[in-house]
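Undergrad: Supplied in structure tokens, the structure appears directly below.
The values are calculated or read from the model by the stated rules, or taken from the named source; none is laboratory data. Source: prediction; values computed, not measured. All Cβ positions, even for glycine, are placed from backbone atoms using ideal geometry, and neighbour counts span all protein chains on display.
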Amino acid sequence: MLVYFTQITVLFPVLPLYVVERWPEAPVGFVVGAMAAGLLCFRPLIGKLLDSWGRKPVLGLGLVMLLAILPLYLWSPTPGWLMAVRVLHGISQAAFATASQTMLVDLVPPHRRTAMLGYLAMSNTIGFSLGPLLGMLVWAQAGFGAVLLLMGGLTLLGLLLSLPLPWRTIPSGVLSNIPSGQAVAADKFPWSVILRFPVRDATLLFFIGSFLHGAVVTFLPLLLPNAALFYSLNALVAVLVRFGLGRWGGQIAQRWVVSLGIFCSGTGLIGLSIAPQFLVLWSIIYGLGFGSLFPVLSAIVAAAAPGTARGRVYSVFLAGFDGGMTLGGAGVQPLVQVMPLRTIFLLLGGVGCSVSLLALRQFAQPIRAAKSPE
């Protein structure tokens with residue numbers, strides 16, 4: 001996860017600049033957001049493959065796909081072709097990210113999941129802090145082709161690191177001991193779990209947090225010249241937050257963590273729009289918010305998802321991230337044509353602060369763990 005998300009975030013500050021450099025009139029939001037569209041559309045299929053093929057084959061598929069896709073960034077002759085490449089990139093990320101996180105939930109005992117998900121999220125957040133700085137450094141020194149070579153080298157390293165992972169992470173007894181009636185249900189998409197609290201509410205909240213993040217990833221380089229500093233600093237803060245959740249997350253009420261998390265994300269965006277000179281402060285506040293959301297929401301979903309349907313439930317939960325990133329990029333693009341970016345960030349921050357009140361109320365409900373043969 002550390003290596004993979006380092007290479008993914010190498011493109012964050014670079015891709016908008018690359019698109020504008022090649023096609024000055026190109027819709028940057030649509031091009032950048034197309035990756036999340038690929039994630040969104042193919043997460044359910046990835047979830048089915050995880051529960052049928054297993055976790056490791058899908059993980060390897062995502063890494064191999066990425067190696068094949070990288071040269072297409074330079075080959076794309078038009079923004080439309082580049083959008084198609086971004087969709088393929090999104091499919092590869094859907095395969096890797098869903099498989100790796102589902103594998104961790106399989107391997108870790110339930111009482112340790114919040115801690116381990118915090119550490120896993122911490123590893124990809126360290127990648128988020130390193131990637132943008134590496135991307136801007138390589139872009140400034142050697143251009144976009146060198147950025148793609150860096151991403152390819154990191155992906156090969158990821159393939160090597162994945163070799164020792166187990167092929168099967170669900171104990172065979174879990175599947176063999178399922179009664180016949182439940183085995184039939186396991187072959188269907190588990191909407192009865194997904195459309196109820198807490199999976200439904202966690203997915204919606206993850207969607208809104210990712211919507212705010214999608215706008216930051218897509219448009220902050222066009223608003224501020226030192227966007228790479230914001231990415232790296234808020235990611236480093238998120239590392240500390242996730243380390244703290246890994247150690248002491250079980251002692252803090254989840255409703256407070258998720259509500260304060262989305263509130264801090266909104267406050268950071270409002271601050272960037274009103275007083276961008278205090279970039280360091282808003283980076284820290286935003287990092288506190290976005291860093292706390294995923295591990296806690298992920299642990300909530302893991303507790304509510306039966307083991308035999310975990311891949312499919314997780315695919316829908318992570319689709320909340322994909323949909324939010326898509327809307328934060330492509331969905332915000334039309335607003336860029338009619339209002340200043342500072343106004344847009346102010347409105348987005350208001351959305352985050354408002355949703356925090358709803359989250360505080362909704363997650364006051366008791367969260368029951370799923371009944372599973374595990």
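One line per residue, one yes/no per condition, for (1) in a helix (DSSP H, G or I); (2) modelled with pLDDT under 90; (3) out of contact with any Asp or Glu (no Cβ under 8 Å at 6 or more places or on another chain):
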site: L272; (1), (2), (3): yes, no, yes
site: L288; (1), (2), (3): yes, no, yes
site: S292; (1), (2), (3): yes, yes, yes
site: S298; (1), (2), (3): yes, yes, yes
site: G311; (1), (2), (3): yes, yes, no
site: S315; (1), (2), (3): yes, yes, yes
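Undergrad: Of all helices (runs of 4 or more DSSP H) completely enclosed by region 69-168, which ones contain at least 2 residues that are at pLDDT below 90 and under 21 Å from the mean Cα position of the chain (by Cα)?
TA: The helices (runs of 4 or more DSSP H) meeting that bar are 79-107, 113-142.
Undergrad: Moving to a separate point now. Restricting to region 188-213, give me the number of residues that are of a type in the set (G, A, S) and more than 18 Å from S354 (Cα to Cα).
TA: Residues meeting the conditions: 1.
Undergrad: Answer yes or no as to whether P276 is within 21 Å of S129 (Cα to Cα), of a type outside the set (A, V, I, L, M), at pLDDT 85 or above and surrounded by fewer than 21 Cβ atoms within 10 Å (Cβ to Cβ).
TA: Taking the combined requirement at face value, the residue satisfies it.
Undergrad: Hey, among the residues in region 226-259 that are over 20 Å from the mean Cα position of the chain (by Cα) and polar (S, T, N, Q), which one's modelled with the lowest pLDDT?
TA: Q251
Undergrad: Among the residues of region 321-350, write down those that are of a type outside the set (A, V, I, L, M), crowded, with 21+ Cβ neighbours inside 10 Å and within 25 Å of G80 (Cα to Cα).
TA: The answer is F321, D322, G323, G324, T326, G328, G329.
Undergrad: Now for a different question. Any residue that is closer than 21 Å to G214 by Cβ, out of contact with any strand residue (DSSP E or B) (no Cβ under 9 Å at 6 or more places or on another chain) and among the hydroxyl-bearing types (S, T, Y) - is there at least one of those in region 82-92?
TA: Quick first cut of region 82-92, residues closer than 21 Å to G214 by Cβ only: 82-92.
Restricting the remaining residues to those that are out of contact with any strand residue (DSSP E or B) (no Cβ under 9 Å at 6 or more places or on another chain) gives 82-92.
Within this subset, residues satisfying the condition of being among the hydroxyl-bearing types (S, T, Y) are 92.
Yes: one or more hits.
Undergrad: Here's a check for you: in region 188-208, which residue that is out of contact with any Pro (no Cβ under 8 Å at 6 or more places or on another chain) and among the aromatic types (F, W, Y) is modelled with the lowest pLDDT?
TA: Among residues in region 188-208 that are out of contact with any Pro (no Cβ under 8 Å at 6 or more places or on another chain) and among the aromatic types (F, W, Y), the one modelled with the lowest pLDDT is W191.
Undergrad: Answer yes or no as to whether S283 is among the small types (G, A, S) and either surrounded by fewer than 21 Cβ atoms within 10 Å (Cβ to Cβ) or at pLDDT below 90 (or both).
TA: Here the answer is no, as S283 does not meet what is asked.
Undergrad: Okay, moving on. When you scan region 11-27, do you find a residue that is outside any helix (DSSP H, G or I), among the acidic types (D, E) and surrounded by fewer than 23 Cβ atoms within 10 Å (Cβ to Cβ), even just one?
TA: There is at least one residue in region 11-27 that is outside any helix (DSSP H, G or I), among the acidic types (D, E) and surrounded by fewer than 23 Cβ atoms within 10 Å (Cβ to Cβ).
Undergrad: Would a scan of region 235-250 turn up a residue that is out of contact with any strand residue (DSSP E or B) (no Cβ under 6 Å at 6 or more places or on another chain) and outside any helix (DSSP H, G or I)?
TA: Checking region 235-250: not a single residue is out of contact with any strand residue (DSSP E or B) (no Cβ under 6 Å at 6 or more places or on another chain) and outside any helix (DSSP H, G or I).
Undergrad: Taking region 286-299 only, how many residues are closer than 20 Å to D51 by Cα and either surrounded by fewer than 24 Cβ atoms within 10 Å (Cβ to Cβ) or of a type in the set (S, T, Y) (or both)?
TA: Here the count works out to 1.
Undergrad: Please go through region 62-94 and pick out each residue that is over 23 Å from L159 (Cβ atoms) and in contact with a Phe, Trp or Tyr (Cβ under 9 Å, 6 or more places away or on another chain).
TA: First, pick out the residues of region 62-94 that are over 23 Å from L159 (Cβ atoms): 76-84.
The answer is T78, P79, W81, L82, M83.
Undergrad: Tell me, yes or no, whether region 36-48 has at least one residue that is among the hydrophobic types (A, V, I, L, M, F, W, C), touching a Gly at 6+ places or on another chain (Cβ under 6 Å), over 23 Å from L224 (Cα atoms) and modelled with pLDDT of 85 or more.
TA: no
Undergrad: Can you tell me which residues in region 189-232 are over 25 Å from V313 (Cα atoms) and surrounded by 19 or more Cβ atoms within 10 Å (Cβ to Cβ)?
TA: A215, V216, V217, T218, F219, L220, P221, A227, A228, F230, Y231, S232
Undergrad: Do we find that R361 is touching a residue at least 24 places away in the same chain (Cβ under 8 Å) and either surrounded by 24 or more Cβ atoms within 10 Å (Cβ to Cβ) or in a helix (DSSP H, G or I) (or both) in this structure?
TA: no
Undergrad: Answer yes or no as to whether M35 is surrounded by 18 or more Cβ atoms within 10 Å (Cβ to Cβ), in contact with a Phe, Trp or Tyr (Cβ under 7 Å, 6 or more places away or on another chain) and either without any contact (Cβ under 8 Å) to a residue 24 or more places away in the chain or assigned to a helix (DSSP H, G or I) (or both).
TA: no
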